[in-house]
Amino acid sequence: MGLNLAQKIIKEHLVSGEMVAGKEISIKIDQTLTQDSTGTMAYLQFEAMGIPRVKTKKSVAYIDHNTLQAGFENADDHKYIQTVAAKHGVYFSRPGNGICHQVHLERFGVPGMTLLGSDSHTPTGGGIGMLAIGAGGLDVAVAMGGGPYYLMMPKVCKVVLKGSLKPWVAAKDIILEVLRLLTVKGGVGKVIEYGGDGIKTLTVPERATITNMGAELGATTSIFPSDEITLEFLKAQGREQDWVELKPDEDAQYDEVVEINLDELEPLAAQPHSPDNIASVKEIGKIKVDQVAIGSCTNSSFMDMMKVARILKGKTINPDVSLVIAPGSKQVLTMLAENGALADMVAAGARILESACGPCIGMGQAPASDAVSLRTFNRNFEGRSGTPSAKVYLVSPEVAAVGAITGVLTDPRELGEAPVVEMPKSFLINDNMVVAPAPEGVEVEVARGPNIKPFPVNKALSDEVAGKALIKVGDNITTDHIMPSNAKLLPFRSNVPYLAEFCLTPCDAEFPKRAKENGGGFIIGGSNYGQGSSREHAALAPLQLGVKGVIAKSFARIHMANLINSGILPMTFVNEGDYDAIDMGDELVLQNARQQIKSGSELTIKNKTKNKEIKVAVALSGRQADMILAGGLLNYTREQNV
């Protein structure tokens, strides 16, 4: 039986376990990336391990999230990351060099290598044939220290792309169609592997748009083969030597196959407030648009920007629309400046933002009250834009640019001939904003600002785990709900005690106060609890407040791993109907907890208030069970090294 592409890379990097779907494996990590929103914590955790130098082939620290410097906090974190990176062997991408995923694709990604990043959109690297996975900062810290990355062996879903896209239909529409078919839960426990004759019509930046937004499926990662199109991209980046051909075996097996005919696709949009709430632009109709934002790690490539510039050239932005554009990297921005495309954007009335995440992460450009915002981003969760009442639609750059001109959501096919942009034969290469680490043995003093506080570390699991149900929430609660990420809170990513005061406040403003008054307790959740970002702060903030466990119908992959890393029990209802048997304020107790964890995957929780026993499952490997018993990954790692 032949291997598919994902299995080939996993087999090449397998450290332990069997390649059987659902069983725990560990793989060697070749590269890591961090960004400043999650990176400070990752490097604090790396320092706590006492390992002097990273052991990966390449690790890169990017500054791209917290670039709005309204106070000293972000600048202090940047200085900390730069100095700790220099000390421990990590390359440092300075503010202004670009969004981590865009820059890594351009300058560092290598087909066939494994990449672990402390950002959920790390799978962007699958656009050049990497096995690129998003994870919590602690998992990335362990990988930097030379430890393997543990995960459940994923199933592999093949998405067969047939034919070619029609004019005005974009790569963004392909991933929106996949989301329509599979939903935000449809990729959990799976790798999405793309194949079929249609992939030959897609450039690497287009492939990267698709793999980037695979994170919204809940997938472990997404991947394309490394072929002559990959080689063409790497040649243009001056990195031909990094290319290797990678493709599945002819008789490769897949757990699931989905077919999409590209010829039949039309411009699509994800409607508020979920990336899988998909409809055609034509079907939605000509709703009034107040803001357009173009950029993010999904759609900020040179080719995306050139299409936008061609559409805007000689036009004027509708007077009722605010248009902001953020090129994805210094490379992209410089090339736009040199060829005149940037001038076309500015002349049309666009406001040019720095090459950073910006509005996508809620860092500025919040829309007006009740505004409709067209965004080329990857998430449109309620309030993520910074305006709770805003209605955010996720669209392609083409749809966004046309909407900025017309002032209404418009099917771009109405405009006649579509812009055609060719892949450059060579990109402008200037890596002067990447700082190499200090040579080994050179002393570097690490700068620590006053906002950098110690992070919480759990204690070993008690025999009795008891507490109140502190909050009860519904389905698809995101990490934005659990630990809000906006321009006011992002500067405090290295200050968990402060952040904890805002934990779950979008769901219940009294949650932090209630958790502290009760000495912690339990969170009750619906299905797909913790979808969205890789931010481990969504586990660290509850830990700071004394949360002992989360009982949900189901969990998103990365958040569940982060809970385990923090020593917080992630439990699922054996009978989903028992979700209704717990109300906020109920007294819950897990007796003989240590023995129950050791004994198996099914536990019994007693609801003392209702005098009812509830069966819950804990899908833990033997290693994860030991981590929970130890009180988290850091304690477990220390015990293993004693």
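Coordinate-derived values only; no laboratory data. From a predicted model like this one, the values you see are computed outputs, not experimental measurements. Backbone-built Cβ (ideal geometry, glycine too); neighbour counts: all protein chains shown.
Brief remarks on what is shown
- Candidate values [x] 24; [y] 50; [z] 46, label of the one derived for percent of Cα pairs over 40 Å apart: [x]
- Proximal aspartates and glutamates relative to K313, as straight alpha-carbon distance under 16 Å, when same-chain residues fewer than 8 apart are discounted: D304, E338, D344, E398, E417
- Anchor K598: aspartates and glutamates whose Cα lies under 12 Å away (excluding residues fewer than 8 positions away in-chain): D463, D626
- Mean Cα-pair separation over length for the chain, i.e. relative contact order, pairs under 8 Å, 6 or more apart, %: 14
- For the pair E517 and S601, the difference between a 0.36 nm per residue extended length and the Cα-Cα distance amounts to 27.1 nm.
- Size-normalised alpha-carbon gyration radius of segment 5-264, reference 2.2 N^0.38 Å: 0.99
- Proximal lysines relative to K612, as straight alpha-carbon distance under 17 Å, when same-chain residues fewer than 8 apart are discounted: K468
- Computed FRET value (nearest 0.05) for C507 with S462, which takes r as the C-beta separation and R₀ as 30 Å: 0.65
- Between the alpha-carbon centres of segment 603-642 and segment 139-207 there is a gap of 32 Å.
- If you model segment 1-149 as an ellipsoid using its alpha carbon gyration tensor, with each semi-axis the square root of five times an eigenvalue, the axes come out at 28, 17, 12 Å, biggest first.
- Summed side-chain charge close to K190 - residues other than K190 whose Cβ falls under 12 Å, Lys, Arg +1, Asp, Glu -1: +1
- The chain, helix-only ellipticity at 222 nm - DSSP H runs n ≥ 4, -39,500 (n - 2.57), divided by all residues, nearest 500: -8000 deg cm²/dmol
- Inter-label distance for S369 and V15, nm, one decimal - labels placed 7 Å from Cα along Cα-to-Cβ: 5.3
- Charge dipole (debye, nearest 20) of segment 1-115; +1 at Cβ of Lys and Arg, -1 at Cβ of Asp and Glu: 480
- Segment 132-222 - percent relative contact order, Cα under 8 Å, separation 6 or more: 38
- Cross-link pairs beyond the 21 Å C-alpha cut-off, checked among K155/K247; K488/K553; K8/K155; K11/K235: K488/K553; K11/K235
- Pairs of alpha carbons in segment 268-413 whose separation is greater than 28 Å (percent): 10
- Here the chain is assigned +1 on the Cβ of each Lys and Arg and -1 on the Cβ of each Asp and Glu. Its dipole about the Cα centre then comes out at about 1060 debye.
- Computed log10 I(q)/I(0) for segment 490-642 at 0.20 Å⁻¹: -1.42, from the Debye equation with unit scatterers placed on every C-alpha and solvent omitted.
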